[in-house]
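See below for the structure under consideration.
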């Protein structure tokens, strides 16, 4: 544990200072207690001999003074340390995460990272102090005390010496049990939370069914089950806790009985016996208190693991002799396979996108479209095969040089909480006003800007909340124009874009593709974008199913042709409360006549 | 769909930044020392965000009343355990005193052994009583969690539906898990540690007073001072804690911005400096707040650190005691109890001080729960009226979320049974809000909504909700089997009727292909159903319920083309012959609608059929042409 903590910080000197201070205090405390032996020996005579005790008492006073002075340092050193440790660890985490490939930044990981960098780091920094320090005290005071006892009469030290390792072993088990039970309880707690969330969301349905007050059988079952599991978990944790108390109590009882025996059979002088029994109590109290810290240490272990997990993630390997210039914007996949963990995403995919063309990727969700775009931008490295940009394997590029040529337009675009202009300009901070304006116009953004209250100067709100999804996506496309990226990867928003936005995004994508030096790859949903593409690649289950110009693919009986017919079908769908046989017929399988309307 | 209430992005970011972050401020810094004062259980207690309100003890007691007997039992047992523990130390002191008094060997040895046995008994008793106390406490804990969860469920079941839409689900989750977890401390530990400390102190102090009252007073002076110091440290920190919490919020949102922004920076170049600067400045502010917080209490904390140490009390007892012995006020053997029992006094007090932090957090959590439990329920009519027919009428309806800005103003419309009414307009026009008024997610601020001629506020909410099917984009699935998910539309439906509904929703084949068929349990992830299939499942549910009014968010564009077509076919089955109100995104789907309502900024700007509105050449016509040219581009 100590070693793992040690590795988290680049300069763990603060930890040393803090822990050393605590350790010195603990040993000093034990020694001061040990002074009771000579003092009591001198004073527990029929006539107290203060003369014989004076030297020890002076020593004791000096020790006490030192203890008080050092002890007063603990709070300032501790506060300063935990603050500094938190700052350092946060910087380290932030620095580390900038080196990670874009593929790492999934929603889950991002929210976990935020939690790690805020709560977990803060808590950890504080616990290095709040948990570790008392644990050190609880261990070193008894060890010092038992050493003193052993020096005076080794026989009395035996039960305590046995108790030390035995107690620590039990504590270890406690920590394990606590970890196990907490994990199980967290699972149970999440299940209840899931039920609770469902209960909140399903209110309209539940109320209509008259189940709102009880939440239905399933919720009740979940709650009952959780109650049982929870109680069982608490009981399981109780066992090792009590076992530890029992070990300590046994050692205590044995010491008392032995001490009494030795006192009465005369093998231990009364003064020594008394002093040693006093010390035995001072062994038992702090050591017994360690039991209360076991669960704290368990909690800390979890926090350390969280931080380690982030720090353990590595950046993608850099090429030994990186290529710094991208010759042209062509993209080529050769027999590429790729898996996310155990899930195969792409299998033996080969494809080609010539410079100056627009390629539309089509396929059901999960067919591998997004993976293709991610591999171009080297979010991840392929398992086998190769991805080449400009004829060079992406792994051989200097990563910055490669990303300088690529712009990615995500489905969910993040905007900084500043003006629209600033948000576009960040793609090229030195761009002139005219260039920014041109980029915005090409991205069909000018009419949006005209409509906004403060135009260019409109603050977009946190994450861009003032703009709709399609508008945010157009800001992102404007960035791509301004950056003059030669490769643009677009995930066309599939979700509920209103038609005006959808049309504007399609037009913007078409304008991007007009540049003969630029390659556009778009995960396409709208018919307009599909029609305008030079090449359609249909993916099915991670394989390329079809490839060719849209008009050509429409003439086949393939997936794209079927999808297009369905598009037409959905476009001809009309909602009506009247039962109308004609409508049903129109909604049936679209006839061949529909195809003509999809020609480019 | 456009969401009613606060913008989802904003709401999400807000709730994230409000989560406690950074080094959690503890109730006190006095507890942050070594010497065994560090909290353990309290470490899991979060300080709630913004304006935390601690529940007064009176209300806490009321909340805990169902487990009062167990709590008292648990506390009494732990007090007895602590007393037994002290007794075992008293025995040692007595052994020492007896041995040193030394009148005659035989009597002496019997008395010494008697005390030794007493010491052993004390230690064993403590162990047993501690175990029992924990057992009873855990039982009370589990029972109370269960009880409060059920109480919460009951209350949530009568709240206005709009509450769930705003930030409700997250709050439900927080209350059901985090808050209850924090309150666990209250159930399981607080009373026990208070009475435990009291038991230990009573026995110890009583014994010491009997031995020598003057020495006892001196001994007790040190822990008294430390308690006073502790209280001071607790009191003075409140203003700084607010600043600290604010600073943590900033760190949190800066971290969110950083990780979200990093993908932008990585794809469009630029440097991370700007975002990193923000994070650094948030962190600097946090450091400053932390420093101010600690600086104020540093002296108290340092003094307290010294006072709570066993060594300090050892010094005081030794110095005063030896002085007393010197002066002839005290015999050496009477000093021993102070060395044995007296030194342990801070040890019994420490858990008490430690638990005050957990207690604060628990009381804040209790405050949050109490606030939830006392939310106003949706007013239900005393004598509900039964609607006649299914005509839907909005009569001069206005609505406002905040009571200031109207989201909808003065809207009147009538939807006859068997017709389709389409709501169109730009996002933010109020379409979703209007649709949400019909199932009474919110109550109107002015005017009235009537279904079947009866104001919906005069209908029981079960009647009202059973009369309509809501098909929204955010699919509501229950964590249950496919069958039960459909059957909830009509709880008394037979399996055959459930299957018929699934067939009508074009879902039967899909379900048959699932590993467990109709018995497949759908979890949060949807149990292997795609987005479109999940949506069709809710349509099957609606078909089964056979509700005469259908409220529909036609936002099928989220689905891939395959699904979209299937969903549309299912919808066709659902809407036939009903009163349909549809939020339309693609205007071509509503050209056959009986009436189209064009909303803009909460007002009804145009009203008519597709043909009329197109001919009028107004707002609707402009939207239509924009979509049409867009599609043709």
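What follows is calculated from the coordinates using simple rules that are stated; it is not laboratory data. For clarity, every value in this text was computed on a predicted model and none was experimentally measured. We place every Cβ from the backbone using ideal geometry, glycine too, and count neighbours over all the protein chains shown.
Here are some notes:
- Rel. contact order, % - alpha carbon contacts under 8 angstrom, at least six apart, the stretch A:416-479: 53
- Binned Cα-Cα distances of the stretch B:79-143, short to long, each 5 Å bin given as a whole percent: 4, 19, 20, 15, 12, 10, 8, 5, 4, 2, 1, 0
- Long-range Cα-Cα pairs in the stretch B:272-419 (distance over 20 Å), rounded percent: 79
- Peptide B:340-350 shows a mean partner chain C-beta count of 2 within 10 Å per residue C-beta.
- The label-point distance for residue A:314 and residue B:114, in a model that sets each label 7 Å from Cα toward Cβ, rounds to 7.5 nm.
- Note on the stretch A:112-203: Cα convex hull, mean projected area over all directions, 8.7 nm².
- Rg in Å to one decimal, and Dmax rounded to a whole Å, for the stretch A:247-344 via C-alpha atoms: 32.8, 98
- A simple packing score, the average count of other Cβ atoms within 10 Å per residue, orders the peptides B:53-60, A:282-289 as A:282-289, B:53-60, with the highest score first.
- With contacts taken as Cα pairs under 8 Å at a separation of at least 6 residues, the stretch A:367-495 carries a relative contact order of 36 percent.
- Summarised as an ellipsoid, the protein assembly as shown has semi-axes of 70, 36, 26 Å, derived from the eigenvalues of the Cα gyration tensor scaled by 5 and square-rooted, with the largest first.
- Mean separation of Cα contacts under 8 Å (6+ apart) over length of chain A, as relative contact order %: 13
- Rounded Å value of the spacing that divides the Cα centres of the stretch B:393-414 and the stretch B:313-342: 82
- Per-residue mean of C-beta atoms belonging to partner chains within 10 Å, peptide A:63-75: 6
- For the stretch B:75-220, taking Cα atoms only, Rg and Dmax work out to 24.4, 85 Å respectively.
- Mean Cβ neighbour count within 10 Å, used as a protection proxy, ranking B:290-300, A:424-434 highest first: B:290-300, A:424-434
- Residue A:4/residue A:221 FRET efficiency (R0 51 Å; Cβ-Cβ; nearest 0.05): 0.80
- Taking label points 7 Å from Cα along the Cα-to-Cβ direction, residue A:49 and residue B:382 give a separation of 9.5 nm.
- Degrees separating the helix A:270-289 axis from the principal Cα axis of chain A, which is the longest one: 10
- Rule-of-thumb Rg ratio for the stretch A:352-428 [Cα; 2.2 N^0.38 Å; N residues]: 1.30
- Convex hull volume of the C-alpha atoms in chain A, normalised per residue: 240 Å³.
- Distance between the modelled labels on residue A:556 and residue A:235, one decimal in nanometres: 6.5 nm (7 Å Cα→Cβ projection).
- Average beta carbon contacts from partner chains per residue of B:430-436, 10 Å cutoff: 0
- Principal-axis analysis of the Cα atoms of chain A puts helix A:559-571 at an angle of about 80° to the longest axis.
- On full extension, the segment bounded by residue A:324 and residue A:228 gains 28.3 nm, given 0.36 nm per residue less the C-alpha separation.
- Long-range Cα-Cα pairs in the stretch B:380-518 (distance over 21 Å), rounded percent: 54
- On the beta carbon distance between residue B:462 and residue B:600, with R0 = 45 Å, the FRET formula returns roughly 0.80.
- Taking only the Cα atoms of the stretch A:147-281, the ratio Rg/Rh comes out at 1.39, with Rh defined as the Kirkwood radius.
- When shorter helices are ignored and each DSSP H run of at least 4 residues is given -39500 (n - 2.57), the per-residue value for the protein assembly as shown at 222 nm works out to -20000 deg cm²/dmol.
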